[in-house]
Amino acid sequence: MNAPLPKLPHPDSGAILREAARRASPWSRRQFLRDMLGLGSLTLLTGCDIVDGMSAEAALGRMSDFNDRVQAFLFDPERLAPEYPERMITRPFPFNSFYTPNVPEKAPVIDPATYRLAVTGLVDAPRGWTLEELNALPRVTQITRHVCIEGWSAIGKFTGVRFSDFLRRAGADLTAKYVTLRCEDGYATSIDMASALHAQTQLTLMMDGVPLPRAHGFPVKLRVPTKLGFKNPKHLVEIEIGNDYTGGYWETYGYNWFSGL
């Protein structure tokens, strides 16, 4: 009889579970466990003995961790997201944000003359990039679909610098595990290095042929067409390269970290 295969824990499972502990209210966690899975099924799936709230949190954390690991395993860095003809572009392109009220007037106002995009962490020489420097880099254009976790989608035309080219030019350690993205309005998220190096991941400077509008991320956003919309941060001010799992704003509330399409 063959021995059971050993479990392969996520290298950052501790950090992921700490994020899971801040997710939802105790009521919603209990309701989810009761209505969707049931304690017996959850115990079977996760290996946890569900006896209290803390063990339920650990079970949910393990399930989320498992889902992230499966998505990461299935991710094909060579597979491209679909691209579309210009006639299919959505105009006007919908606005969405993490803040309330969800209105374009709340988008941050950034002075292009003083703007700096900081590249920090595991890079040869951490520094700030001016908008002029970014605009001088070779550009690529894509017409891809933005898929929001709220259930809507839109097709947009995005022009900017291929992110893999920018990371190489910035001297980033491409063997690092994570890229953390921080924004002027306080938003933050992080992605795996494989997704960062995907051919369509783009440091976006223009939308529909004009400089990126304020409501849609001026002066710089990250476009990741292989991931859900909340993994496409706007108003970027810092890119940190590292090996520490940093999660993100919505991930703290229970959104899956990998969130691939």
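Please treat every number below as a calculation from the coordinates, not as lab data. As the structure is a computational prediction, the values presented were derived from the model and not from experiment. Cβ atoms come from the backbone with ideal geometry, glycine included; neighbour counts cover every protein chain shown.
Data overview
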| item | result |
| --- | --- |
| Value in Å of the Kirkwood radius, where segment 210-258 supplies the Cα pairs that are averaged | 12.2 Å |
| Simple Cβ-charge dipole of segment 185-240, Lys/Arg +1 and Asp/Glu -1, about Cα centre, in debye nearest 20 | 180 debye |
| Under 12 Å, Cβ to Cβ, from Thr159 - net charge with Lys/Arg +1 and Asp/Glu -1 | +4 |
| Among Asn96, Thr189, Gly248 - extreme Cα towards positive end, dipole of segment 86-253, charges at beta-carbon | Asn96 |
| Nearest-0.05 FRET efficiency for Leu174 and Thr141, computed from C-beta distance (R0 35 Å) | 0.90 |
| Calculated Rg and Dmax of segment 86-253 using C-alpha coordinates, Å | 14.8, 43 |
| Added length on full extension, which subtracts the Cα-Cα distance from 0.36 nm per residue, Val103 to Glu83 | 4.4 nm |
| Distance between modelled label sites at Thr130 and Tyr249, nm, 7 Å Cα→Cβ extension | 2.9 nm |
